[in-house]
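The structure appears right after this line, and notes come after that.
The values are calculated or read from the model by the stated rules, or taken from the named source; none is laboratory data. What you see is a predicted model, and the numbers here were worked out from it, not measured in a lab. Cβ placement follows ideal geometry from the backbone for every residue including glycine, while neighbour counts extend to all protein chains displayed.
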Amino acid sequence: MTVEETLERVEGLIGYTFEDPSLLRKALTHPSAVEGHAIEDSYERLEFLGDALLGSIVSVYLYEHNPEMDEGNLTRAKTSLVSGEHLSRVADGLGLGPCIFLGESEHGTHNRGLRSALENVYEALCGAIFLDGGRMVLERFVRRTVLAKPITPDAFLETSPKSLLQEFSQQHLHKSPAYQLVGRVGPPHAPTFTFEVYVGDRKLGVGEGSNKKEAEKAAARVALEVLLAEFETSEERPCT
């Protein structure tokens with residue numbers, strides 16, 4: 001497809017026609033595709049703007065539509081909805097993957113590179129739609145995509161605790177979690193693994209499972225609950 005055909009295809013996929021198509025082109029352009037050009041030519045600056053706008057829109061939506069949620073659950077739901085894993089799934093579901101303009105250096109990264117690009121492009125699209133059509137248009141887009149399904153933070157936590165812990169700890173603690181195998185018991189055909197998860201030097205959770213992946217998920221789930229509870233408490237602490 002030509003560039004113009006790609007832009008038209010994306011407008012059909014997202015349900016919005018741009019007054020300024022150059023904004024859409026930038027939102028779809030990976031930095032590797034414009035190496036040596038001005039930073040304005042890729043999605044990086046739009047991604048920054050879109051990330052902030054998306055967080056604001058999701059926060060307001062959760063607050064207005066979930067009066068039964070306390071601060072901890074609101075935080076958990078927001079973390080889930082704006083996580084890279086969720087945004088990349090949303091962008092992939094829209095069919096944006098083949099429409100991203102990538103440089104040669106990114107073609108060999110396969111799923112890992114595409115997942116990151118999908119997340120970034122979704123955020124950049126949010127920034128581009130805001131600049132082109134305003135906040136109300138962007139809110140409708142976010143509600144049709146990121147907020148399309150019922151809000152169930154426990155379900156998000158159950159399916160992707162490791163991703164949520166990774167994003168939450170990096171955002172608030174500027175550190176990544178590390179997992180350590182500390183035990184394996186039981187017969188070879190039915191073992192039970194035990195993992196600990198650390199953020200920095202601090203052990204935040206222990207989990208067990210019938211395989212290593214499930215044990216890591218269980219540990220991450222405990223650690224995330226601890227961090228969310230601490231985050232909620234620190235937010236409630238009065239100023240002195």
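For region 7-58, taking the residues that are free of Cβ contacts under 8 Å to residues at least 60 places away in the same chain and hydrophobic (A, V, I, L, M, F, W, C), the one that is surrounded by the fewest Cβ atoms within 10 Å (Cβ to Cβ) is identified as ALA38. Once region 32-53 is narrowed to residues that are modelled with pLDDT under 90 and out of contact with any Lys or Arg (no Cβ under 8 Å at 6 or more places or on another chain), the residue that is farthest from GLU4 (Cα to Cα) is GLY36. Checking each residue in region 69-83 for being assigned to a helix (DSSP H, G or I) and in contact (Cβ under 8 Å) with a residue 24 or more places away in the chain picks out GLU71, GLY72, ASN73, THR75, ARG76, ALA77, THR79, SER80, LEU81.
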